[in-house]
Each structure stands twice: as C-alpha cells, then as structure tokens.
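The values are calculated or read from the model by the stated rules, or taken from the named source; none is laboratory data. The shown structure was predicted, so the numbers you read here are calculated from the model rather than taken from an experiment. Using ideal geometry, Cβ is built from the backbone for each residue, glycine included, and neighbour counts are taken over all protein chains shown. These area figures cover heavy atoms from the full protein model, side chains too; ligands, DNA and RNA do not enter into them. Shrake-Rupley method; radii C 1.70, N 1.55, O 1.52, S 1.80 Å.
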Amino acid sequence: MPLQAINPANGETVATYDETAPAEVNKIVSSAHAAFVGWRKLAFRERGVPMRKAAEILRSEARGFAQLMAREMGKPLRDGIAEAQKCASCCDFYAERAEGLLARESVESEARRSFVTFNPLGVVLAVMPWNFPFWQVFRFAAPGLMAGNAAVLKHASNVPGCALAIEDIFRRAGFPENLFRTLLIGSREVERVVEHPLVRAATLTGSGAAGRAVARKAGELLKKTVLELGGSDPYLVLQDADIDAAATICTKGRLINSGQSCIAAKRFIVVESVRRPFEQRFVERMAAARMGDPLDETTEVGPQARRDLRDTLHQQVVARIDKGAKSLLGGTIPDGPGAYYPPTVLTDVGKGMPAFDEELFGPVAAIVPVQNEDAAIAAANDSPFGLGGAIMSRDIARAEAIAAERIEAGCVFINDAVRSDVRLPFGGIKESGYGRELSSYGIKEFVNIKTVWVA
C-alpha cells in the first residue's frame, strides 16, 4: 500500500510514496551489510569526516528540514529548526569523541595482557516515531555509524519525506552508498525485517505495543534490542518550590513538541499547601501559549500529528472529567480544519483516571494534589512508566537526594524541564523500555564488548 504524508494543519496530502517491496527490502539489507564490511575497517578519523559533513548539512539547511517536519507532522517551525541543529550537535559530538569512547580498555590480570575491545555488530534496524522525526533517528544513527555499524530505517508511516531526507543527508555527506538506507514499509513488515539474518540488532522508539512486538521477535532470534517507549513523567511541586518558576518550567515541560513527547511533563503532583497559587499561575501560562499554523514562526503549539490522535486525546480528557476531574482550561475541540487541540489543564486527577494511569500524548496537563512530600513521591512512582521526572524545590540538597534515590525513572531534573542531552544517557525503566541512548552508554549498546586475553 502507498504511504501518504498528510498535513495535520489542513488535512491536505503532502505527497504519496510507493511502499518498498519485500524483494527490494531484502536487497537493501544485503547492500547495507556489504557497505558495513568496508566501513568497519575505517579508522575513526575517517568515519568522522562524513559525520561532520552531515552536521554541516543539517545546520545549513535547518529551515528547509523544519518546513518538511511542519508539513508532515505539524511541528512548529522554530522547534523544527532547533531539532535539526540538535541533530548536528549530536553528529559533531560522536565524530569527535567516538574513538575515545570506544578505545580499548586495559584490565589488570595474571595474563601478559588482557583488555576489552569494542567491535561493531553489523546492520541495525531502527524503528522510529514521528514526533521528533529527525532527532530520534540521529541520536541512534550518529553513535551507531561512528561505532562502525550500518543502519536501515523504518520510520513512522506519516513522515516518509523526513525519512528519505535523512537518507539523503548521509548520502550527500559522503557516507558509503547503502550504509544508511530507508525502508518505506508499514508496521506489519517490521518482524520480517528483524528476521533477516543480516540484521543483527534493532532499536525502537515508540509505543509499548510496538516495543513488545519487536522485542518478542528479536528475543526469539537472540538479537539485541534497545527500547525507548512511553512515559507519564511526574513533575513534583513541593511546598518550598518557587511557584512562579515552577509554573513556567511546568508549562515548558508540558508543551514540548505541542505536548507530543515521551518526556513531556504529564502528571503535575502538587503538595496541597501550594496547590492554589500553582494552579493559578500554571493556567495563566498555559493559556498564553499561542496555538496556530506550524509554519508561522510565532506559533508555540501546532496541530497534533494526526486527526485520529487528536480525537483519542479528547476522549481521554472527557473520560477523566466523567470520573471527577475538573477542567481549568481548554478541553474542547476547536472549529475549523486541522488536528488542533488547545492547551488544557485538569485538576483533582487521581489514580484510576486516564490522566493518571495512561500516557496522554498532547498538550493536556493533569494536576494531582497530594498532602505532603512523601505522598508526592509515592504518586510519582505509582505508574507503569519510568522515563523521566522533575522536582521543583528551593532545597537543592533534599531534591537531589529524592532524585537520586527515591524516584523510579531513567532521569530526574531539578528545577528544570526534562530533556535529552547528547552528553548524558537517555532511556527508561519499567514499561518505558530498556537500554540507553546517547553519551558513552549509548554508543556501546550496539557493539560486541569483547575480552582479549594474552597468556
């Protein structure tokens, strides 16, 4: 079946693409493996040359890439420009540091010499989502290719133009032909690609259902996987928080990518003593965010990526209101074309409501009132997810202790919104997945960590 890119701002078809036939998929994987055989032999400095060129292309053409993201999945233009620039920084980071991160590690033993070396695995399948259509790919591809691997990309079906643009960046940057290739296929074809004997591992960012399907098939075949799945990130507003600053940070955290982010703030767990002033300031800031055309540089909140996703989000909002939550802002579908949904704030949210128990992928904030700090921590951990979280408090030492030892998540930010950073590991626990991306940890996910012993 053909793949269609639909502009979520107006419902118009951007472009239609033919799906890659099964025989062509096999040919592409085999070609990627052939490219890998030569690529893995190159020195790190040689691999770094095209990686730095990819960074140059991303920076020089950032506006064009941002316009493509806006048309295919509704990302506000300024956010798309920032995303392309972040991808460039990731390319530069690994071009410069991969050799050191994967250097041999000597280990003292009774042998004449013993050391650990890191060898690439081969072709890695990347199954990627639409919400950060460039960043999600580059944060895998930059370390993966610098480690000596090849890659085939199965991108989300609503961003085929972005997928092909990324392949073109690597080609123009001077990487070997076929080292990075895009497969225009539907989700039903992913398991068949995992089964290909030349696909040695897989990484997936997406839903829990998609993650389970890929992990199940890869597990049957004993192939390595890294999964970055959903999140329901808690932001704890403690009684000693700077309320004005907290409201600003929480608004930023909730409206990342128009609310469509695994690490967007989702549950705002607020100690009762500061609940009312926080609600007032938070609603003011959420209401001030400008929703509109993603190609308008003043837009802060664009449309949701698809109309069906918007409609599902609204059903979740209605369901929690029916269960006792109160609407402080938004919660209605606007008139007119496009998959728009306004910034929305609900309060009196508790366990058993969709806003507490499920991931809400859109600009909907759920305020969960609690009596004290211990109750806030308990509520934060009372979730099947464990991706990120944040703590708002003036007592940095206490907040740091809570973050380090008591919050069940892959990352916790203090007095700031959660985000990924190429210098730090990124990933989750529980139903948010396993494995890590970025930093020194991410580049070692898809290598053979090999012991060498010299008697």
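Go over the candidates 230, 211 one by one and state the one that is modelled with pLDDT under 95 and not aromatic (Phe, Trp, Tyr). Spell out the reasoning first.
Numbers: 211 fails: modelled with pLDDT under 95.
Criteria check complete, one pass: 230.
Being surrounded by fewer than 21 Cβ atoms within 10 Å (Cβ to Cβ), assigned to a loop (DSSP other than H, G, I, E, B) and modelled with pLDDT of 95 or more, is that true of even one residue in the range 130-152?
No, there is no match, as no residue in the range 130-152 is surrounded by fewer than 21 Cβ atoms within 10 Å (Cβ to Cβ), assigned to a loop (DSSP other than H, G, I, E, B) and modelled with pLDDT of 95 or more.
Of a type in the set (A, V, I, L, M) and open to solvent by less than 30 Å² (accessible area, probe 1.4 Å) - does that describe any residue in the range 294-302?
To start, the set of residues in the range 294-302 that are of a type in the set (A, V, I, L, M) comprises 295, 301.
Retained after the next criterion (residues that are open to solvent by less than 30 Å² (accessible area, probe 1.4 Å)): 301.
Yes, the range 294-302 contains a residue that is of a type in the set (A, V, I, L, M) and open to solvent by less than 30 Å² (accessible area, probe 1.4 Å).
Output the residue which, of all residues in the range 230-245 that are part of a loop (DSSP other than H, G, I, E, B) and within 24 Å of the chain's Cα centre (by Cα), is surrounded by the fewest Cβ atoms within 10 Å (Cβ to Cβ).
The first filter runs over the range 230-245 and keeps only residues part of a loop (DSSP other than H, G, I, E, B), leaving 230-232, 238-242.
If we keep only those that are within 24 Å of the chain's Cα centre (by Cα) as well, we get 230-232.
On the way: 230: 23, 231: 28, 232: 26.
Here the residue is 230.
Looking only at residues in the range 375-402 that are open to solvent by less than 20 Å² (accessible area, probe 1.4 Å) and in a loop (DSSP other than H, G, I, E, B), which one is nearest to residue 285 (Cα to Cα)? Lay out the reasoning, then the answer.
First pass over the range 375-402, keeping only residues open to solvent by less than 20 Å² (accessible area, probe 1.4 Å): 376-377, 379-380, 383, 386-393, 399, 402.
Now restrict to residues that are in a loop (DSSP other than H, G, I, E, B): 383, 387, 393.
Numbers: 383: 27, 387: 25, 393: 19 Å.
For the range 375-402, the residue satisfying everything is 393.
Residue check: is residue 100 out of contact with any strand residue (DSSP E or B) (no Cβ under 8 Å at 6 or more places or on another chain), in a helix (DSSP H, G or I) and surrounded by fewer than 21 Cβ atoms within 10 Å (Cβ to Cβ)?
Working: out of contact with any strand residue (DSSP E or B) (no Cβ under 8 Å at 6 or more places or on another chain): yes; in a helix (DSSP H, G or I): yes; surrounded by fewer than 21 Cβ atoms within 10 Å (Cβ to Cβ): yes.
Considered against the rule, which asks whether it is out of contact with any strand residue (DSSP E or B) (no Cβ under 8 Å at 6 or more places or on another chain), in a helix (DSSP H, G or I) and surrounded by fewer than 21 Cβ atoms within 10 Å (Cβ to Cβ), residue 100 comes out as yes.
Go through (1) touching a residue at least 12 places away in the same chain (Cβ under 8 Å); (2) hydrophobic (A, V, I, L, M, F, W, C); (3) over 27 Å from residue 205 (Cβ atoms); (4) open to solvent by 40 Å² or more (accessible area, probe 1.4 Å) one by one and return the number of the condition residue 367 breaks.
Looking at each condition in turn, residue 367 falls short on (4).
Just to be sure, is residue 20 among the polar types (S, T, N, Q) and either loosely packed, with under 15 Cβ neighbours inside 10 Å or assigned to a helix (DSSP H, G or I) (or both)?
Numbers: among the polar types (S, T, N, Q): yes; either loosely packed, with under 15 Cβ neighbours inside 10 Å or assigned to a helix (DSSP H, G or I) (or both): no.
So residue 20 fails the test.
Sort through 227, 255 and tell me the only one that's touching a Ser or Thr at 6+ places or on another chain (Cβ under 9 Å) and either open to solvent by 10 Å² or more (accessible area, probe 1.4 Å) or not polar (S, T, N, Q) (or both).
On the way: 255 fails: touching a Ser or Thr at 6+ places or on another chain (Cβ under 9 Å).
Going through 227, 255 in turn, just one is touching a Ser or Thr at 6+ places or on another chain (Cβ under 9 Å) and either open to solvent by 10 Å² or more (accessible area, probe 1.4 Å) or not polar (S, T, N, Q) (or both): 227.
If residue 372 passes every condition in (1) under 23 Å from residue 210 (Cα atoms); (2) open to solvent by 60 Å² or more (accessible area, probe 1.4 Å); (3) more than 21 Å from the chain's Cα centre (by Cα); (4) not aromatic (Phe, Trp, Tyr) but one, which one does it miss?
Evaluating residue 372 over (1) under 23 Å from residue 210 (Cα atoms); (2) open to solvent by 60 Å² or more (accessible area, probe 1.4 Å); (3) more than 21 Å from the chain's Cα centre (by Cα); (4) not aromatic (Phe, Trp, Tyr) leaves (1) as the failure.
Looking at the range 403-420 only, could you name the residues that are without any contact (Cβ under 8 Å) to a residue 40 or more places away in the chain and either of a type in the set (D, E, K, R) or part of a helix (DSSP H, G or I) (or both)?
403, 404, 405, 406, 408
Take residue 165 and tell me if it is open to solvent by 10 Å² or more (accessible area, probe 1.4 Å), hydrophobic (A, V, I, L, M, F, W, C), touching a residue at least 60 places away in the same chain (Cβ under 8 Å) and part of a helix (DSSP H, G or I). Please lay out each step first, then the result.
Working: open to solvent by 10 Å² or more (accessible area, probe 1.4 Å): yes; hydrophobic (A, V, I, L, M, F, W, C): yes; touching a residue at least 60 places away in the same chain (Cβ under 8 Å): yes; part of a helix (DSSP H, G or I): yes.
Spelling it out, residue 165 is indeed open to solvent by 10 Å² or more (accessible area, probe 1.4 Å), hydrophobic (A, V, I, L, M, F, W, C), touching a residue at least 60 places away in the same chain (Cβ under 8 Å) and part of a helix (DSSP H, G or I).
When you scan the range 168-196, how many residues do you find that are of a type in the set (Lys, Arg) and either in contact with a His (Cβ under 9 Å, 6 or more places away or on another chain) or free of Cβ contacts under 8 Å to residues at least 60 places away in the same chain (or both)? I'd like the intermediate steps shown before the answer.
As a first pass, look at the range 168-196 and keep what is of a type in the set (Lys, Arg): 171-172, 181, 188, 192.
Filter once more, so that each one left must be either in contact with a His (Cβ under 9 Å, 6 or more places away or on another chain) or free of Cβ contacts under 8 Å to residues at least 60 places away in the same chain (or both): 171, 188.
So the answer is 2.
Mind checking which strands (runs of 3 or more DSSP E) fall wholly inside the range 265-364 and carry at least 2 residues that are in contact (Cβ under 8 Å) with a residue 60 or more places away in the chain and not aliphatic (A, V, I, L, M)?
On the way: elements: 265-271, 326-329, 344-347.
In the range 265-364, 265-271 are the strands (runs of 3 or more DSSP E) which contain 2 or more residues that are in contact (Cβ under 8 Å) with a residue 60 or more places away in the chain and not aliphatic (A, V, I, L, M).
Quick test for you: out of 391, 443, pick the one residue that is over 30 Å from residue 40 (Cβ atoms) and more than 14 Å from the chain's Cα centre (by Cα). Please lay out each step first, then the result.
Working: 443 fails: over 30 Å from residue 40 (Cβ atoms).
Result: 391 is the single residue among 391, 443 that is over 30 Å from residue 40 (Cβ atoms) and more than 14 Å from the chain's Cα centre (by Cα).
Just wondering, is there one or more residues in the range 72-85 that are under 30 Å from residue 361 (Cβ atoms), open to solvent by 80 Å² or more (accessible area, probe 1.4 Å) and not in a helix (DSSP H, G or I)? Spell out how you get there, then give the answer.
Taking the range 72-85 first, the residues under 30 Å from residue 361 (Cβ atoms) are 72-85.
Those left that are additionally open to solvent by 80 Å² or more (accessible area, probe 1.4 Å): 78, 85.
Now restrict to residues that are not in a helix (DSSP H, G or I): none.
No, the range 72-85 contains no residue that is under 30 Å from residue 361 (Cβ atoms), open to solvent by 80 Å² or more (accessible area, probe 1.4 Å) and not in a helix (DSSP H, G or I).
Check residue 181 against each of (1) assigned to a helix (DSSP H, G or I); (2) under 16 Å from residue 26 (Cβ atoms); (3) open to solvent by 10 Å² or more (accessible area, probe 1.4 Å) and name the one condition it does not meet.
The number of the failed condition is (1).
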